[in-house]
Amino acid sequence: MVKLDNSQRDFCNSTADKIRLLAPAGSGKTLSLLWRCRAIQDANPKKPQRFLVVTFTRSARDELKARISTDPQLAELQSHIQVTTLNAFGFRYLRGQQTGLKVISKKDAYTVLNNVLRPVWSENAVMASVLSSGNNLNAYKSEILDAFDVLKGLGFRHTGNGVFQDFAKHLGWLLDVGLERYLANAYFARLEKMKLFDIEQKAAFVEFWVAATDRLNQSNYVTFADQKYFAMLKLEHTAIASNQRFHHILVDEFQDVDPLDMNLVRVLVKLHKSTLTIVGDDDQAIFEWRGAVPKFILEPERFFGGKFETHILAQNYRSPANIVRHSLNLIEHNVVRVKKKVRATSSALAEIVYKQFPSYKECCKFVMGLAREMNADSEGRRLAIVGRKRAQIIPFQILLASEKIAFYAKDDLNIFLQESFDSLRDTLLTVARSGESRRRTPELIDDFMKLVNKIKRYPLSKNDSNGLRTYLNNKRPRSFAEVLDTFLTYDGTIKGGVDALSFYSPISQLLQTETVADTLAVIGEEFKGFAKDYGKAQSLEDVFYVDPPFLHLADYAQRYGNDYDRFLDDLEEAIANLQSDTPSDDDENRDADELRPIHLMTALRAKGKEYHTVVVLDAIDGIWPSRLATTPAELEQERRLFYVAVTRPRERLFIVANRTVLGEKTTPSPYLSEMGLQ
């Protein structure tokens, strides 16, 4: 253990049954966790110990396995240790209990709801009225299955004689631990999208969930959360042989657990009569979007019972001294945390630069200069461009792709591959040709209906759409202006009685825009239908902080003036390059993809990674922190996100901002002064 520092060694040598290791960024937690296993094994030479190490991502799992296989002093652990994610552990266990098990994919969702679950929802009056109407079954398939998983992830159970009494009691527990925002935005908001507003309707959905969960299990279908959920339920009533026992369970990244994760760990500890070590960092608890809150790592005794012995790693091996100092200055403004004293082992100083730019164009030029420099670097150093939200990295996808600079981003961050951007192109074309004369009436009405169907969160129903289209065709308008005027005289139904002006006004604003940037700004502000493709994927990052999705693209587009054709040409080229250069999800190619010199990501995706150079985008108030974060808990969450972003670089950190956004003056992020930066 000569390679360990004193704080790591104290943790590894502890004999406590319950331990909490708080491991700040760059403090060597992976090494410490594995050396604790080695120390326990060395202390029991005549009684081989078995270890279960749980983490939450495949990349973290693979890192732990690689460390064991490549470090000669840890290699002997291979026969004693199982490293896995909770999902993989649960699925393997269930597959051993029942054959033909299948995880429901997105492609399966409609078939499962229509075939497997139809007998269930058909017997539920509320759900039958919703799902038998029009195209609702297809429209709501993801909402329903996601709501199922949210309930399980929050710790609700579908079993027992008093499901509703337990449900109400557990709601109180969720509010007490601080999960009210996640409950509202991830669960109740989904029900309201399905027009389940009152208490009776919501209760009917719970009845549906209870019956549907049983039916899926009987049919050998499982959702993503079911892999853990049914494993937990079955393990609660299981006995194990002594030779199958794990003597020690260690949970990495414990700040990322949700209630279901925690309950499954609790069941495993009880079943195996094992010790428990939880490892994580409350200052990097940034996954509230998936039901994780800091309380779980801050108050483990409350959830597991007994007393936890706490160890804190005291040295940072990754970051230069000034990165450590400034990041600590920042995070110490949070109140709900454990205080830590962390020292950098390196005396080297990073280059830390805060730059304000007079325009978005100048900012892009600066960042692209860094990208070209790193792309040409012969030593394999990497650049991360980090935003608070996905929308911030959109322009850089266009710029990098147009210069044929390969970059790495997760598939769901390649926003221009999303269906919503097909609609964006159609909308821009509609605006560009709206003033053309001698257009055929059917073409005009087709364009108009495309716009109408993008104004609200969901398009018109089939009946409303057919009625409006027939009315407009009968009036034979000859220009887009005439279509709009004719629309105002329509007295048929629109979305159950919505005022026609609420459709007329956004379209009128859109047609009066004079530049590409203005058009994009109006789309982002007024056309809510463009959010439809941001469903679950977008909610992973912005479910609590939704901003107009095209704000940053609009600022970028100011360079095009009213040249819609050139903007669309560049957009098409970027899309073509992205489609031909999308990083592979294949295990063999993933490492090669991740070695690309340029990485685009949000702060959530940056956790656990490190780069030679990091650029943090848009360091202005309203983005860092989000303008929608108002409560103390929300503001502390935002600060943790920024802390994660600024602790990634090894040598250079650039924090950039624009003095104006779409002509409006900005205020620098308060985090700059909190860090001690001028």
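Taken together, the values in this text are just the output of simple stated rules run on the coordinates, not laboratory data. Predicted model only: the values in this text are computed from it and were never measured. Note that we place each Cβ from the backbone using ideal geometry, even for glycine, and neighbour counts take in every protein chain shown.
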Per-pair calculated FRET efficiency, R0 = 30 Å: ALA184 and ASN115 via Cβ, rounded to 0.05: 0.40
What is the Cα coordinate range of the chain on the first, second and third principal axes, sorted by size from largest, in whole angstrom? 91, 63, 44
If R0 is 22 Å, what FRET efficiency do you get for ASN463 and GLU192 from their C-beta distance, rounded to 0.05? 0.45
Using 0.36 nm per residue, how much length does the chain from GLN165 to LEU662 gain when fully extended, once their Cα-Cα distance is taken away? 173.8 nm
Relative contact order for the chain using alpha-carbon pairs under 8 Å, separation at least 6, rounded to a whole percent? 18 percent
What distance in nm separates the simple spin-label points at LYS450 and GLN244, each placed 7 Å from Cα in the Cβ direction? 5.9 nm
Using a 7 Å offset from the Cα along the Cα-to-Cβ direction at both ALA406 and SER508, what is the distance between the two label points in nm, to one decimal? 5.3 nm
Considering the dipole of the stretch 286-417 built from charges on the beta carbon (Lys and Arg +1, Asp and Glu -1) around the Cα centre, which of VAL386, PHE366, ALA409 is farthest to its positive end? VAL386
Value at 222 nm in deg cm²/dmol, rounded to 500, when DSSP H runs of n ≥ 4 in the chain each add -39,500 (n - 2.57): -14000 deg cm²/dmol
Calculate the FRET efficiency for GLU63 and ASN474 from the Cβ-Cβ distance with a Förster distance of 56 Å, rounded to the nearest 0.05. 0.25
Tell me, how many Å apart are the Cα centres for the stretch 222-292 and for the stretch 63-88? 18 Å
Relative contact order of the stretch 94-218: what whole-number percent is it, with Cα pairs under 8 angstrom and at least 6 residues apart? 35 percent
Convex hull around the C-alpha positions of the stretch 1-42: the volume in Å³ per residue is 66 Å³
Starting from the Cα-Cα distance between ALA321 and GLN678, subtract it from 0.36 nm times their residue separation and give me the gain in nm to one decimal. 126.7 nm
Return the whole-Å distance between the Cα centroid of the stretch 434-493 and the Cα centroid of the stretch 552-573. 27 Å
Distance in Å, no decimals, from the C-alpha centre of the stretch 293-331 to the one of the stretch 652-678 is 27 Å
LYS361 versus ASN135, label points 7 Å from Cα toward the beta carbon: distance in nm? 4.1 nm
Paramagnetic label zone (point 7 Å from Cα along Cα-to-C-beta, ASP621; backbone N under 12 Å) in the stretch 648-672: 666-672
What does DSSP give for the chain in terms of the percent of beta bridges that are antiparallel, rounded to the nearest 5? 5 percent
With N set to the residue count of the stretch 119-228, report its C-alpha Rg divided by 2.2 N^0.38 Å to two decimal places. 1.03
When the convex hull of its Cα atoms is projected in every direction, mean area for the stretch 171-231 (nm²): 5.1 nm²
Using a ≥ b ≥ c from the Cα gyration tensor of the stretch 189-321 (square roots of the eigenvalues), is it rounded, prolate or oblate, where a/c under 1.5 gives rounded and otherwise the larger of a/b and b/c decides, a/b for prolate? oblate
